[in-house]
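Chemist: After the C-alpha cells below, expect a handful of questions from me.
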Amino acid sequence: MRAEEYAGHFQHQKILKQTTLCQFDRNLSHLYSEVLMMLWRAQGFYDKSTFGRYISAGFKPFDKTFGVYLGRIKRLENAVRDDVLLLHGELKIINEEVENGKWLRPADFSADFQKLNDARIPNTCGWILNNESVDLWIHSDNTNALYIHGKPGCGKSTLAAWLRQYILKSYFDEQQVIGVLCKIDHEGKSDLISVLRNMIHELLRKSPDAKQMHSLIQVARVESKTPFANSMEMLWELLPKLLGVLSTRFYCIIDGIDECKDDWEDVVKFLGKLARVSKSMFKVLFFSRNQPPVFDEPDISWNVYAIDSADVKDDIRQFAETKVGSSNRLRNHKHKDRVKEFLVSNADGMILWANLMFTEIESGHYNVDAAMKRPPTGLDTLYLGIVRRIAYRMESLEKCKNGLMIALACPGLNIEEFALLLALSEGLQSLEDYDQNCDPDRDCSEILELLSPLLTILPNRTIQVFHASVKSFLLNSPALKRSKELSEFQYSTTDLNESISMALLKYLQFDCFNCDPASITIPNLASRYPLLEYATFAVTRHISECVPAPPELVDAVVYFLGTRQAWRWLERLQHYGYGPEYQQMLQVRLNAWVAKQSPEFQSSWKEANLNRLIITLARRRLDDVQAETTSSEAPDSEASLRAMAALARAYWVEGMWDESAKLEEIVAEKRKQLLGLEHEDTLQALSNLASTFCTQCRWKEAEDLAKLVVEKRTKIHGDSDLSTLSSITVLALAYRAQGRIDDALPLALRVLETRRKILGPQHPSTLAAMGIVALIYRADNRWPEAEELAVQIVGSTSRNLGQNHPNTISALNSLSSIYYNQGRLQESQELAQQAVETAIKVLGEAHPTTLAAMNNLSTIHSALGHWDENLAVKTAEISKSVLGPDHPNTLITLNNLVVAFWTANRLEAAETLGREVLETRRRVVGEDHVDYLVTKLNVALVLASQGLLGEAVEWMGEVVEKCKVILGDEHPNTLAAMNALAGVLWEKGDKGEARKMADEVLEGRKRALGGKHPATKEAEERVREWRKARVEC
C-alpha cells in the first residue's frame, strides 16, 4: 500500500522521469509474482498425502525449493526498497522545488506580452532590427547590456513584446528568452524585488541547469527564514551565483524599468549591478522612458539607443493607413488622406497620441475637418477652474505659488529636490536647519496634493506639469490675467527664473559645500545633497533667462562669483565630468546675459575679469589652495596640483597655450617626482601636455610624449583600455599635424574599432573617434571616406541626442565643410544654413558652436559669389565680444574674413584686417606657429593682388622657409605655400625660378600624396602649362 501511495503521488507530480517509475512498477510486479508462486507451491506441497510428501522430498528437498524462492524474493525486495528510496529522494527534490517557487512568488508575464502582440498593427516594429546596437546585442559576445529609451507613448512596450517574439521565432529556443514587464499598478510587477524574483523564477523554469540552481535557492530560502523572498541584498547575492552555473545563453528583456516604485537610486543600483554580472551567458535589454543612468564606476557602460521620432514615423504611417482603412466612417471619407497625413505629421513620434487623436476624429463629435483644425474646447475655462479650486483650498498662498513656480521652471526635479528648493524659496538659511526636521514626503505631501490637478509625479518620483499647455496657460493666458482673485498665478519667464536663481545662488553658498568634491563620491553627493547636482548645472541657465535682470539678482550673482564657493562650483562641475570646455559654454552664456544689462554693469564685469570667468576662478582657486598650506608644501600638495592642472586647462580652452604648457609641465614634473612615471595621474598630466604641444605646433615633442604615455598605459592597462585609447588619439593627431597620414590613420582606425566593440557604435566616445578618422581623411583629401563617416555621425547624434543638441549642430557643420571642399556648394550651404538657424534658436548667437556655424556659412556664401558681408562682420564682432579678440576661434573667424575681403576684391580692407590679425597671432602664438604662417601667406596674397609683388615674394619666401623647418619639406601646407610663391614669381617675371619651384611642388606632392591626388594633378597641370608657355616663347 505504501508503494502504491508513492506511485500515485509521483504520477500526480508529472515531474518524475518515466523510466524511474517504470522500473519501480516492474520490480514490484516481479516481487508479487514470486511471492504468489511460492505460496502456490507450498499449497500444492501440503495438499499431497503424507506418502506423496516423502516421495517429493526425496527427489527435491522442501527447504531447498523454498530457499530458491526466498532468495528471489529477497533480491526483489531489495530492488523495490532501492526504488522506493530513489523515488523518495526525487519526491523530496520536487517538494523543495515547489517550496522554492512559493518563496519566489513569481508573476506571469506571458499574457501581458501576448496582449501587446495582439494589439500591434501588422508590419510595424521591424525598423528596430536595422539598428546596429540591437544587432550587436542579439549576436555579439561583447555587447551584453543595451538600454533603449524614448518618450512616453512612442510604443516601447509593443516594441519589447515584438522583439521578444521575434527572437523566439527567428533565432533561439523558447527556453532561452526571458521577458519581464514592469507595471506600476500591479502588486507583483512594480518594484525591483519583484523584477528580480521573476527573473530568477524564469531562469529556473527554462534553464537546463535548474537542478543546480534549485540547490542554491534552497540554501538561500532556508537562510532567509521568511515565507517569501523580500530582501534585495539576498537576491543580489543569489543572482550572480545562478548566472555562474548557466551552460546556455539567456536573453532577458525588461520593459518599463522606470515604472518601478523604488527610488531612482535603487534603479541605478539595480541597472549597475545587473550590467556588471551580465556576462556573455546572460544578455539584458531595458526599455525605459528615462535617460540611461550615469555611473561613476569605470567598469559599467551601456550601449544606449534613443528612439527618435523618425524611427517610428513609418509605424505611425502604417497605423494611420490601417486604422483609417478599417474605419466605417473614414475609409471612404473625402478627407481620409488628410486624416492620415495629419496623424503622421503631428504625432511627433507618439503612437499613443495618434491612437487617441484617431479615436476622437472617428467618434463623430465633430465633423472630420473641424476635429483636425480646432484645439480642445474650453481649455482656458478648465484650467481656470482648476486654479480657482486650488486657491480656495490652500492655506498658504505664497507656498502654493512657490511650488507651482518650481514645477514650471524646473521640470524633472524629484521630490527631495523639490522639497529643498521649496524650503529655500521660503527662507532656509542652512542645510543644518533643514536636516533637523527633514521629511520630503511629509513636507511636500500637502502642497503636491493641492497641485495634483496640474502636476504629475512620475514613477521615478520626478515632478512636472502634466501637459505643456499648462505652462502656456500660466504664462500667457488673458483669462488668468483678467481674473482679479487669481492674477497672482500669472507668471512671467523672468519671475520664474529670478526666484529659482536667487534660491540656487543662496544654496551654493552654504558652508557645507566648502569641501573637496573628490573626497565624496558622486552617489554620496547625491544622497547627502540631493539638490546639489541640479543647482550646479542649472544656475547659469536660470540666471541667463532673466532679461532684464532685477538689481537684486545682479548683486547676488556678483557677490557669489566673488566667494570661495564660486571656484568650488567649477571644481564640482569638473568632478561631475564636465571640464573647461563645458565651463566655457557657461561663461559664454553669462557673458551674453551681461551684454543685455546696463553699460555700467558690463564695464564692472570686465574690470573684475569676469568676462573670462573660468580663468579668473581657476586662478583664485590656486591662490586659495596654496595660501592654506605652508610655503614648502604648497607646490607639491595634491590639492595644489589639481588646482594648477585646472588652471592649465582653462588657459588651454581660452587659447592661452603658452601659459597652459608652462603649468602643465610643472604639474607633470611634480607628479612624476611624487607618484612615479607609471602612476595614472602622472600619465594623465603628460597626456594633457602632449595635447597642448599639438596646439602649439610642437608636434615632435607632442609625438614623443604621446608615445611614452601610450607605451606606459599599454603596459599597465592593456591596449584596449579607454585611457590608452585616448593617448593613442593624441599620438594620431600629432602624426596628422606633421602630414604623416600613413602613421596617423591606422592608429585612429584602431581606436575607432576598439571603442566600437567596447562602448558600442552610438557611444559619444565612439562618435568622437569617428570624427578623428574623418579629420585624417580630410587632411589626406579622401573626401568620400570623410563624407561617409560624417554622414554617420550626423545620423547618430540626431537620433540619440536630438536635432537641437550642440553635438548634432557641430556634426552638421563638419559635414557642410566636407561638401564645401568637394565643390558641392549648394548642399554645403543648405546644411550650414540649417546648423546656423538651429544654433541661434537653441544656443543663441554668442555660443561658440553658433559662431563656428556662422563662420562656415559666411565662407560658403563667398564661394558662391553672393558674400554676405553683414553676416561675416557680425560673426567677427560677436566673437571678439564674447570670446575675446585674442581667442583662437576669433582669430580663425577674422582670418576667414580677410580671405573673404580678398575674394570680393576689397583689397584695402583685406590688407588692413590681415595685418591686424597677423600682429595678434604673432603676439599670442608666436611667429613659428602654423596659424601665424597661414595668416602671413594670406596677407602676402593680398599684397600680390595689389601689385606689391616684391614684398609678397619676400613674405611668401619667409613662410616657405618656416614651414620647411616646422613641418618638413613635403608637408601639404609647405607644398601649398611653395605653390602660392611659384604663382607670384611667375607674375613677377621670375619664370625660371617659378618653373623650378613648380617642379619641386609636383615631385613633393607625388611622393607625399600620390599621383592621383587632386592637388598633385593641379600641380601637373601648372607645370604642363608653364612648359608649354616656354616652348611657345
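What follows is calculated from the coordinates using simple rules that are stated; it is not laboratory data. Remember, predicted model here, so these are calculated numbers, not experimental data. Because the Cβ atoms are built from the backbone with ideal geometry, glycine has one as well, and the counts that use them run over all protein chains shown.
Chemist: Using modelled amide H (1.01 Å from N, peptide plane; none on Pro or chain starts), what sits under 5 Å from the amide H of I253, excluding residues fewer than 5 places away?
Modeler: I178, G179, V180, L285
Chemist: If you don't mind, another one. Taking the number of other C-beta atoms within 10 Å as the exposure measure, put K169, K964, K102, K712 in order starting with the fewest.
Modeler: K169, K102, K964, K712
Chemist: For the range 649-722, what's the relative contact order in percent, using C-alpha pairs closer than 8 Å and at least 6 residues apart?
Modeler: Once normalised by length, the contact order is 24 percent.
Chemist: Residue by residue through the range 834-849, what is 3J(HN,Hα) from phi via Karplus (6.51 cos²θ - 1.76 cosθ + 1.60, θ = phi - 60°)? Round to whole Hz and write x for glycine and proline.
Modeler: Residue by residue, the range 834-849 yields 4, 5, 5, 4, 5, 5, 5, 5, 8, 9, x, 5, 8, 6, x, 5 Hz.
Chemist: Explain nothing, just compute: Karplus ³J(HN,Hα) = 6.51 cos²θ - 1.76 cosθ + 1.60, θ = phi - 60°, for every residue of the range 615-626 in order, whole Hz, x for Gly and Pro.
Modeler: Ordered by residue, 3J(HN,Hα) equals 6, 4, 5, 5, 5, 5, 4, 4, 4, 5, 5, 5 Hz.
Chemist: Once each part is reduced to its C-alpha centroid, what is the distance from the range 782-831 to the range 548-622 in angstrom?
Modeler: 33
Chemist: While we're on this one: Tell me, what HN-Hα J-couplings in whole Hz come from the Karplus equation 6.51 cos²θ - 1.76 cosθ + 1.60 at θ = phi - 60° for each residue of the range 749-755, using x for Gly and Pro?
Modeler: Result, ordered by residue: 5, 5, 4, 4, 5, 5, 5 Hz.
Chemist: Let me ask something else about it. If amide H atoms are built 1.01 Å from N in the plane of the peptide, which residues on other chains or at least 5 residues away come under 5 Å of the amide H of Y305?
Modeler: Hits under the 5 Å cutoff: Y147, I148, H149.
Chemist: Sticking with this structure for a sec: Would you please name the GluC sites (Glu not before Pro) within the range 473-516 that are DSSP coil residues with at most 15 other C-beta atoms within 10 Å of their C-beta?
Modeler: E485
Chemist: For a quick protection proxy, order the peptides 666-674, 649-657 by their average other-Cβ count within 10 Å, most packed first.
Modeler: Answer by packing, highest mean first, reads 649-657, 666-674.
Chemist: If amide H atoms are built 1.01 Å from N in the plane of the peptide, which residues on other chains or at least 5 residues away come under 5 Å of the amide H of L486?
Modeler: Those qualifying (amide H under 5 Å, at least 5 residues apart or on another chain) number zero.
Chemist: Got a sec? How would S157, S492 order by Cβ neighbour count within 10 Å, fewest to most?
Modeler: Ordered from fewest to most neighbouring Cβ atoms within 10 Å, S157, S492 come out as S492, S157.
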